[in-house]
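In what follows, a structure is listed as structure tokens, so that the remarks can point back to it.
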Amino acid sequence: MNYAIILAAGVGQRMRNSGLPKQFLKLMGKPIIVYTLEKFEECREIDRVIVVCHGSYVEHMNSLIALYRISKADRVIVGGSDRQNSLQKGLGTVVEEGGKEDDIVVIHDGVRPLVDPSILHENIRIARQHGCAVTVHPVTETVVITDAEDAGMDDFKKREDTYSMTSPQTFRLGSILDAYRKTEIAKNQALPLLDAAMVYARAGGEVHLVKEQGVNLKITTPEDYYFLKAMLELEENKFVFGL
């Protein structure tokens, strides 16, 4: 089985809007979260989808899933106090649903609706082969890494060797559960473990990269919202004009 855990429990404080969380904002008449869920609904390799949602919006999420006929998303659960807690709740639900150690779990941000189907396919393929696959995007500018207010030559990194992590992040269920157990024992961390890939690496796992070239935008700020609108309009026009 290939499960997907869609993280949609945030409240979008950086969007500076007083209404719905960003995943429920509409673009071209459809909520952002629905665009994301449709990608997983259309992916033949995904068998089931678990949506991790803020407790105040579970009913609203279920109504959207029914309205847009997202048949694979048959479970909406309440998220935790932070991303890691929500992740662990999602993994626990996969176990409750009968997930086996060799099953694959694809973890994705609900506000990354432009994920390419080929990236989903490659994540599943690599994770099945190696136990872990993490989507990364090559940076386009030179990177400097320093904890000071100045930099030396050794602080500059080649673009060709530098990536930003996006999502999905994909694992064999048994491997990621084991990683969380190990990091739970080693509580004191110098570097905050912000997502599943960091937990997996901290537990000694080898992280295999899936390099994406397209636009896999995460909607975080109002500017991102308008970038996404432009991208969706571009995709629609390509279809209309046969491009």
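The values are calculated or read from the model by the stated rules, or taken from the named source; none is laboratory data. Bear in mind that the values here come from a model prediction, so they are computed numbers and not experimental data. All Cβ positions, glycine included, derive from the backbone under ideal geometry; neighbour counts span all protein chains shown. When the accessible area is computed, the model is the full protein with side chains, heavy atoms only, and any ligands, DNA or RNA have been set aside. Shrake-Rupley method; radii C 1.70, N 1.55, O 1.52, S 1.80 Å.
Results, tabulated for the structure shown:
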quantity: Per DSSP, loop trypsin sites (Lys or Arg not before Pro) in region 32-128 with at most 11 further Cβ within 10 Å; calculated: ARG44, ARG69, LYS100
quantity: Environment charge at THR146 (Cβ cut-off 14 Å; Lys +1, Arg +1, Asp -1, Glu -1); calculated: -4
quantity: Compactness of region 1-120 as Cα Rg over 2.2 N^0.38 Å, two decimals; calculated: 1.00
quantity: Theoretical gain in end-to-end length, PHE156 to SER63 [0.36 nm per residue, Cα-Cα removed]; calculated: 28.6 nm
quantity: Table column - 3J(HN,Hα) (Hz), region 96-112, Karplus curve with 6.51, -1.76, 1.60, x for Gly and Pro; calculated: 4, 7, x, x, 9, 4, 8, 5, 9, 10, 9, 9, 9, 6, x, 9, 10
quantity: Apportionment of accessible area to carbon and sulfur, the chain, percent (1.4 Å); calculated: 52
quantity: Bins of 5 Å, starting at 0 and running to the largest distance - Cα pair percent for region 58-135; calculated: 3, 12, 18, 23, 26, 15, 4, 0
quantity: The chain, Rg to Rh (Cα coordinates; Rh as Kirkwood inverse mean 1/r); calculated: 0.97
quantity: Interchain or long-range residues, amide H under 5 Å from VAL143's placed H; calculated: LYS157, ARG159
quantity: Under Karplus coefficients 6.51, -1.76 and 1.60, residue-wise ³J(HN,Hα) of region 56-69 in Hz, glycine/proline x; calculated: 6, 10, 4, 5, 5, 4, 4, 5, 5, 4, 5, 4, 9, 6
quantity: Per residue, in Å², the accessible surface of the chain once ligands and nucleic acids are set aside, probe 1.4 Å; calculated: 54
quantity: 15 Å beta-carbon shell around ALA230, net charge (K/R +1, D/E -1); calculated: -3
quantity: For LEU27, distant residues with modelled amide H under 5 Å away; calculated: ILE32
